[in-house]
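Below: the structure, in structure tokens.
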Amino acid sequence: MSDIKFSIITVSLNSEKYIENTILSVMRQTYKNIEHIIIDGASTDSTVEIIRKYKDQLSYWISESDTGIADAMNKGVLKATGDYILFINSDDYLINEDTLKQVSLLLNERLDLYIFKVLFMFPDNRKIIKMNRDLSLLTNIKMGSCHQGHVVSRKLFQDHGLFDDSFKIAMDYDFLLRIYQKGIKFKSIGLVISCMGQEGLSSRNDWASLKERFIEERRVHEKYCKNVWWKLFYSFYWCLYFPYRRIKFLICQLV
């Protein structure tokens with residue numbers, strides 16, 4: 001299946017601690033039909049110097065201001081030429097050197113989306129495998145998987161649009177719910193393909209960050225609310241879920 005071309009898109013901002021590991025995880029792949037695109041948001045640390053060190057191994061890179069993660073990801077998608085796109089951001093990395101070779105052997109159906117597992121790496125070195133959940137009725141409520149485990153057909157973006165850059169955190173959930181409601185073809189596979197760092201916006205666990213994420217998820221629900229029954233359900237859901245998460249946060253602070 002070496003005819004499949006992968007576009008790896010890495011979004012970065014002040015990522016000097018991690019980005020070299022991300023770049024090397026792509027460079028060391030035994031599968032070679034790859035392009036690596038880095039979109040940096042005008043970093044002020046040594047991130048750009050590290051990127052320049054590997055510029056000959058990159059298909060494209062740029063460092064300039066953007067309006068947020070979704071804007072940067074969209075820039076990457078517009079530069080991509082591969083059949084499938086993976087977002088491996090600056091504190092993430094591909095799990096081993098044969099990852100894309102293994103993935104290429106599993107794409108024989110050429111579906112719109114493949115959902116793989118992701119390993120969560122915490123600052124205290126704890127590791128947890130994130131279970132991937134199929135697109136289903138539950139997708140109308142929660143995302144259920146991480147974009148670091150999504151292998152997405154580039155044609156999907158051409159047919160259904162880019163990420164909504166009005167979202168700062170939930171842009172991937174917005175996109176996933178959009179394509180789910182369009183009835184796209186997908187498959188979940190129990191292979192871990194990437195390690196996700198826990199320093200990005202979506203991983204922050206302070207209440208202000210959690211509250212911002214929940215507000216954006218509610219906006220996604222409102223955007224794709226299909227009828228009055230879903231509107232009633234979402235109203236009931238948020239009346240319960242938001243206070244529940246607030247109480248859970250406070251309890252965790254005390255433990």
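Each reported figure results from applying straightforward, stated rules to the coordinates on display, with no laboratory input. None of the values given here were measured: they were computed from a predicted structure. Note: ideal-geometry Cβ built from the backbone for every residue, glycine included; neighbour counts use all protein chains shown.
A few remarks follow.
- Residue among Val77, Val26 that is under 17 Å from the mean Cα position of the chain (by Cα), farther than 22 Å from Phe120 by Cβ and among the β-branched types (Val, Ile, Thr): Val77
- Of all residues in segment 74-100, those that are part of a loop (DSSP other than H, G, I, E, B) have Cβ atoms under 9 Å from Cβ atoms of residues that are crowded, with 22+ Cβ neighbours inside 10 Å and of a type in the set (Asp, Glu), 6 or more apart or on another chain, in Ser90/Asp40.
- Test: residue in segment 70-83 that is touching a Lys or Arg at 6+ places or on another chain (Cβ under 7 Å) and surrounded by 19 or more Cβ atoms within 10 Å (Cβ to Cβ): yes
- Scanning segment 51-64 for residues that are within 24 Å of Arg154 (Cα to Cα), among the aliphatic types (A, V, I, L, M), touching a strand residue (DSSP E or B) at 6+ places or on another chain (Cβ under 9 Å) and part of a loop (DSSP other than H, G, I, E, B) turns up at least one hit.
- The residue that is surrounded by the fewest Cβ atoms within 10 Å (Cβ to Cβ), counting only those in segment 8-50 that are among the aliphatic types (A, V, I, L, M) and in a strand (DSSP E or B), is Ile34.
- Scanning segment 181-197 for residues that are buried (at least 18 other Cβ atoms within 10 Å of the Cβ) and not in a strand (DSSP E or B) yields Ile184, Gly197.
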